[in-house]
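Enquirer: Got a structure for you, written out below as structure tokens; questions coming shortly.
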Amino acid sequence: MAGLTLKQVTKQFGEHKAVDGLSLTVEPGEFVALLGPSGCGKTTMLRMLAGFEQVSGGEIHLGDQLLASEQHHVLPEQRNMAMVFQSYALWPHMSVADNVGYPLKLRGVRGADYQHRVEQALSLVALEPYAQRTPQDLSGGQRQRVALARCLVTDPSVVLLDEPLANLDRHLRASMEHSFADFHRRTEATMVYVTHDQSEAMALADRIAVMQAGKLVQWATPETLYREPRTSWVASFIGQGSQLMISTGAPGRRLGGHELMQGLTSPAAQRHQAVLVRPEHIQVHPEAPSQQDLTARIERQTFRGERYELHLRMAGGETLLAYHPHALKLGQQVALTLLEGWCLEPDQ
Ligand SMILES: Nc1ncnc2c1ncn2[C@@H]1O[C@H](COP(=O)(O)OP(=O)(O)OP(=O)(O)O)[C@@H](O)[C@H]1O
């Protein structure tokens, strides 16, 4: 097991910086996600880690070995890393066992050692009974597990995963999330997982690097990203919530309900601070509101099984998302209690 250190890693394609001065340290055995919208540079970063792409600046280290800098480039096959792709990249006419064993054959492993390692890799992804089938006879999720077994068989220090669930339906994605978590626990490999799906990143990763336009905007645990997103943009990308402008607070501060509601009642010109209010921090009181109450009108509601999502509009025009256990009437006025809010930095 080894950790990864990225120091000011940059990748320039012509005039365009696809990755711009990215620095972070991944602990040995950690499962991290690179998360961001399409085009933010996450695949380019993964390809630089794998060695398929040279860095334009900065350094990448695996443990105490320098893998990449402007002058130095360790070839992909010498990095002791394995990569899992969205497309699985399996050989269609080879059996599952032969697909898994392929990287061992390339390394000249034969005989009992070969057999043992293939069996071990197949058992890690619970595919032993499928060893003699061909990939065509497997489901999408099973094919992805073959791809995982194949990358494991060489015992890599680092496993790189490029949107490995993107081709699967929603149901299968959820069960594959369990497979990945299990796979990580059993191998203890350092894993870097690229995705644009925040719920996938939140479910799987120990820490998440949120990227925007080639830059790292926040590097934190899923809990911290949810509770304390740094900027307005991160807040809108992670989880649900409403952003309001208020006249109090400062970036990085949590406000209690009283201060938050007071800050909302000031004239619009005095409200300079953006605050994030999560739906679970809004209490909705359907009984007739009094004059002192903070009020809103129900514009839309969506049934979500265990609760209703209410889309509310306040008198000043701001919109709010809240939860409620029962259906209410569209157009109805309700009183609100806001319990807490988190103050955000403006976007750069
Ligand atoms: N070989 C290349 N030559 C020129 N530009 C490139 C090359 N590869 C990527 N880019 C550009 O770099 C930027 C980042 O691309 P990248 O594929 O890393 O983004 P991404 O976040 O992985 O997006 P997606 O989720 O759509 O794959 C994009 O603007 C892309 O067009």
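The values are calculated or read from the model by the stated rules, or taken from the named source; none is laboratory data. Just so we're clear, the structure is a prediction, and the values are computed from it rather than from any experiment. A quick note on method: Cβ atoms are made from the backbone with ideal geometry, for glycine too, and the neighbour counts reach across all protein chains shown. The protein model used for the area step is the full one, side chains on, heavy atoms only, and it has no ligands, DNA or RNA in it. Shrake-Rupley method; radii C 1.70, N 1.55, O 1.52, S 1.80 Å.
Enquirer: Suppose each label sits 7 Å from its Cα in the direction of the beta carbon; what would the E309-D64 distance come out to in nanometres?
Expert: Taking the simple label geometry, E309 and D64 are separated by 5.1 nm.
Enquirer: If you plug each phi of the stretch 291-300 into the Karplus form 6.51 cos²θ - 1.76 cosθ + 1.60 with θ = phi - 60°, what whole-Hz ³J(HN,Hα) values come out, in order, with x for Gly and Pro?
Expert: Each residue's phi maps through the Karplus curve to give 5, 7, 6, 7, 10, 7, 10, 7, 8, 7 Hz.
Enquirer: Let me ask something else about it. Any idea of E77's accessible area? Nearest 10 Å², probe 1.4 Å.
Expert: Result for E77: roughly 130 Å² accessible.
Enquirer: In debye, nearest 20, what is the charge dipole magnitude of the stretch 59-158 about its Cα centre with +1 on Lys and Arg Cβ and -1 on Asp and Glu Cβ, if you could check?
Expert: The calculation lands at about 340 debye.
Enquirer: Can I ask one more? Can you check how the C-alpha radius of gyration of the chain compares to 2.2 N^0.38 Å, as a plain ratio?
Expert: Cα-based Rg divided by the globular estimate yields 1.20.
Enquirer: Any chance you could get the radius of gyration and Dmax over the Cα atoms of the stretch 240-343, in Å?
Expert: Both quantities, over Cα of the stretch 240-343: 13.3, 40 Å.
Enquirer: For the chain, what is the mean residue ellipticity at 222 nm derived from helices alone (per DSSP H run of n ≥ 4: -39500 (n - 2.57); sum divided by total residues; nearest 500 deg cm²/dmol)?
Expert: Value at 222 nm, helices only, nearest 500: -8000 deg cm²/dmol.
Enquirer: Okay, moving on. Can you give the Rg to Rh ratio of the stretch 1-79, both from alpha-carbon atoms, with Rh computed by the Kirkwood formula?
Expert: Expressed as Rg/Rh, it is 0.94.
Enquirer: So for H72, H171, H324, what's the accessible-area order with a 1.4 Å probe, most first?
Expert: H171, H72, H324
Enquirer: Rounded to the nearest 0.05, what FRET efficiency do S38 and E223 give with R0 = 25 Å and r taken as the Cβ-Cβ distance? Could you check?
Expert: 0.45
Enquirer: Determine the order of L216, L225 by accessible area, beginning with the largest, at a probe radius of 1.4 Å.
Expert: L216, L225
Enquirer: Counting only pairs 8 or more residues apart or on different chains, how many lysine pairs in the chain have their Cα atoms under 28 Å apart?
Expert: Eligible lysine pairs with Cα atoms under 28 Å apart amount to 8.
Enquirer: Can you give the extra length, in nm with one decimal, that the chain gains between D137 and A181 once fully stretched, where that is 0.36 nm per residue apart less the Cα-Cα distance?
Expert: The span from D137 to A181 would gain 13.3 nm if fully extended.
Enquirer: Sticking with this structure for a sec: How much length is gained if the chain between A174 and R254 is pulled fully straight, taking 0.36 nm per residue apart and subtracting their Cα-Cα distance, in nm to one decimal?
Expert: Once the chain is fully extended between A174 and R254, it gains 25.5 nm.
Enquirer: From the phi of every residue in the stretch 198-207, what ³J(HN,Hα) in whole Hz does the Karplus formula 6.51 cos²θ - 1.76 cosθ + 1.60 yield, where θ is phi - 60° and glycine or proline is x?
Expert: Each residue's phi maps through the Karplus curve to give 5, 6, 5, 4, 5, 6, 9, 8, 6, 9 Hz.
Enquirer: Modelling each spin label as a point 7 Å along the Cα-to-Cβ direction, I'd like the K7/E299 distance in nm, to one decimal.
Expert: So the label points at K7 and E299 sit 5.0 nm apart.
Enquirer: Run the quick spin-label model on A269 and L75: label points 7 Å from Cα toward the beta carbon, then report their separation in nm to one decimal.
Expert: 7.0
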